[in-house]
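Novice: Okay, handing you the structure first.
Coordinate-derived values only; no laboratory data. Bear in mind the structure is a predicted one, so any value in this text is a computation, not a measurement. Here the Cβ positions follow ideal geometry from the backbone for every residue, glycine too, while neighbour counts run over all protein chains shown.
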Amino acid sequence: MSEGVGNGSGGRKFFAGNDRTGQLTIAGVVFLGAFLLFQVQPLISRIILPWFGGSPSVWTSCLLFFQCLLCGGYLYSHLLTSRLPPAGQLGTHTLLILLSLVTLQILPDMAWKPDAAGSPVGHILWVLARTVGVPYFLLSTTSPLLLRWYSLCYPERQVHRLYALSNTGSLLALLSYPLLVEPLLDISAQAYFWMTLFVLYGISSLLVLWMVRNRKLDATASQQQASARQSLPRRSWFLLSALASVMLLAETNQICQDVAVVPFFWVVPLALYLVSFIVCFESDRWYRRGLVAPLTALLVLGIALLQVFGTKLSLTVQLPVWSAGMFAIFLLCHGELARLRPPPDQLTGFYLLSSAGGAAGGLTVALLAPLLFPAYWEHDLGLLLSGLLGLAVWFDARGWMKGGFQPPLLPLIVGILMLVVMITMSATGIESVLRAKDSRRNFYGVLTVEDYEPEAAVLLRHGRITHGLQFRRSPSMPSTYYGYRSGAGRAIAMLRQRAVQEQRGLRIGLVGLGTGTLATYAQPGDEFVFYEINSDVIEIANEHFTFLRDCEAVVSIEEGDARLLLEHSESREFDLLVLDAFSGDSVPVHLLTVEAMEVYRRHLAERGLLAFHISNLHFDLQPVTEALADHASMAAVTIQNLPAGRGPDGGPLLSDPGSTWTLMSDDVSFLQHDLMLRDRLPVAARNGNLWRDSFANLLPILKWSGSD
């Protein structure tokens, strides 16, 4: 059985004349391949994000695709180097390189956009396969193949340093995308820049293969390597990689659900994941079990406490704790993985099982967890397992519990506290699900229906954010963000006066159904059209709330992504189009772009009005909406009504928490009415916050203080 393409003294002559040139060539291709591998992930995900409703699960589904294809690339590399002779290895890989160059085209065809309704996971995977499937598969083979060949060419060199170099290239790709590539280049330019670098990578890879084409395998050395094999901890490779992958995807889900679905927030957890690889594989000196393990246990305890008691803290407090905790978990998993790494002749198998563990973690979070858990319990379960792993490694590193030696009091206290807090956190999550009148989870997140002040009202939450509330004794009273003092309430009141004068009803479109609260403003002769992407929201609005049932207007609900539905339909001539399609507290970036505005304007009647609900804990969206109005040459006013009072916990009342709305119209006089000028916010500084499908920069509008 062939194990490689050269060894020993023959390997040292691998590159004719200059070993240094050969080493640098392999290192350069490894670095460039890793850079392209991770640069294309946010790029293609950013392109297709608006196609699938901007949900956090779009990125999770993309990560699942990338992890599975990476596993496929490692399997190919393992079989190639273990089953084929040198000539077969080089010939097969040459064909794969040529195929990827001939078929290279990563920009998806607009005709591939999905139908508006239905679960999009399968379609996301299909689009990714059609665009980046072949080039990504080739790139995924770079590290295992070239590191294997490098170990045979230069057995005296430390091959795992190339693994660290590979992860450095990956990290550079991730950090450069949101900070440099995305702000400076539009999507098309990004794609062509990437394809140009990929062509360079393909040519460089062919050069490497040409340089090794005449090498012969040293069968004796291969047999010696095979006889020297020892029992390897393959199960540990798989499980450690799976745990790190579960925490990566689960944490990304949490961040995107509660903050925003944008590359910047995709990149942070993945960057921490890669940095841990670099630290652990660059040198054995960096990973210290006795330090990292207790630190991980303590930070897991801190995260659990934050999750139970600190949900209202600002981002400046939450993000450092979460980031430090995630980095410690990744460092622990990858440090143990590096400690258990095999000799060079087992590298491809090591890569294969590690990537298989990563893919299994991705499958668990993206596909299994939504079917098994009613909420994001995979995140809590991953935290618990990470804390237990930290304790186990801590005890093992110190040699406690061996030979009758008892551990000191501190680790026992930390372990007990961690278990108590984790059990409390889990019990709280389970209790909230059991207490809820209804709880559902799907591709778009977690929905719960709860009683508010029992017998007084019923409310709907999406994640941690309230999306509607109905009073039992006054079921026709608009509440939460849609009361009479809100921007939407004022807009409808003004439009009603005009409609009465013209003796006609109103035509209103509403992007985002929620509980259907705005239907309380309807009167006979009106037409209300709701657009809702989440079928569970539609069912809940009809089963647990009566806003739609009691509505006196003609009400219709169109299921699917509102932007796609509006793009594919004739002008609806709306008097008012309300944009309120938030997921959790996540910013609906694809609904706040220049291209989206063009769609909305096409559906407005003459002197029609646009109303954007921009209440948000983490971002000040006023500069974005007002910049859109400027670009569309529309007048705009942003209205902020403060909470009507305070609840028993000191926070704003759920029944009227206050809200912020931006209203836009071509009718300047309409927005200059006294009702519109009351509670008006000063005009925001634009600062380049005009978003397009190809660009959206959230950092300038981030509320670090966490204020409403």
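Novice: Between Arg472 and residues 5 or more places away or on another chain, which pairs have amide H atoms under 5 Å apart, with H built 1.01 Å from N, and which residues are they?
Specialist: When sequence neighbours closer than 5 places are left aside, the close amide H contacts are Ala457, Val458.
Novice: Just check the range 163-213 against the gyration tensor rule for me: Cα atoms, a ≥ b ≥ c as the square roots of the eigenvalues, rounded for a/c under 1.5, and otherwise prolate or oblate depending on whether a/b exceeds b/c.
Specialist: Oblate, since a/c reaches 1.5 and b/c is not below a/b.
Novice: Next up: Can you tell me the order of 613-620, 23-30, 96-103 when each peptide is scored by its average per-residue count of other Cβ atoms within 10 angstrom, highest first?
Specialist: Top of the packing list down: 613-620, 23-30, 96-103.
Novice: Now a separate question. Between the DSSP loop rule and a limit of at most 16 other Cβ atoms within 10 Å, which chymotrypsin sites (Phe, Trp or Tyr not before Pro) in the range 429-490 are left?
Specialist: Filter output for the range 429-490: Tyr484.
Novice: Could you work out the local net charge near Glu378, counting Lys and Arg as +1, Asp and Glu as -1, over the other residues with Cβ closer than 12 Å to its Cβ?
Specialist: Neighbour charge sum, excluding Glu378 itself: -1.
Novice: For an R0 of 25 angstrom, estimate the FRET efficiency from the Cβ-Cβ distance between Asp630 and Leu702 and round to the nearest 0.05.
Specialist: FRET efficiency, Asp630 to Leu702: 0.70.
Novice: Another one. Once both labels are modelled 7 Å past Cα along the beta-carbon direction, what's the Ala427-Leu675 spacing in nm?
Specialist: That separation, rounded to one decimal, is 5.2 nm.
Novice: Given a Förster radius of 35 Å and the C-beta distance between Ala685 and Arg498 as r, what FRET efficiency does 1/(1 + (r/R0)^6) yield to the nearest 0.05?
Specialist: My answer for the efficiency is 0.60.
Novice: Relative to a virtual label point 7 Å from the Cα of Trp286 in the Cα→beta-carbon direction, which members of the range 330-363 show backbone nitrogen distances below 17 Å?
Specialist: 330-341
Novice: Find, to one decimal place in angstroms, the Kirkwood hydrodynamic radius of the range 457-695, where the mean of 1/r is taken over every pair of different Cα atoms and then inverted.
Specialist: Its Kirkwood hydrodynamic radius stands at 18.0 Å.
Novice: Report the FRET efficiency, 1/(1 + (r/R0)^6), for Ser176 and Asp620, where r is their Cβ-Cβ distance and R0 is 35 Å, rounded to 0.05.
Specialist: 0.85
Novice: Residue separation times 0.36 nm, minus the C-alpha to C-alpha distance between Leu24 and Arg602: what's the value?
Specialist: Length gained, Leu24 through Arg602: 202.4 nm.
Novice: Could I ask something else about it? Separation between the Ala129 and Asp186 pseudo-spin-labels, each 7 Å from Cα along Cα→Cβ, expressed in nm?
Specialist: 3.2 nm
Novice: Between Leu197 and Leu107, what is the label-to-label distance in nm when each label sits 7 Å out along the Cα-to-Cβ direction?
Specialist: With each label placed 7 Å out from Cα toward Cβ, I get 1.8 nm.
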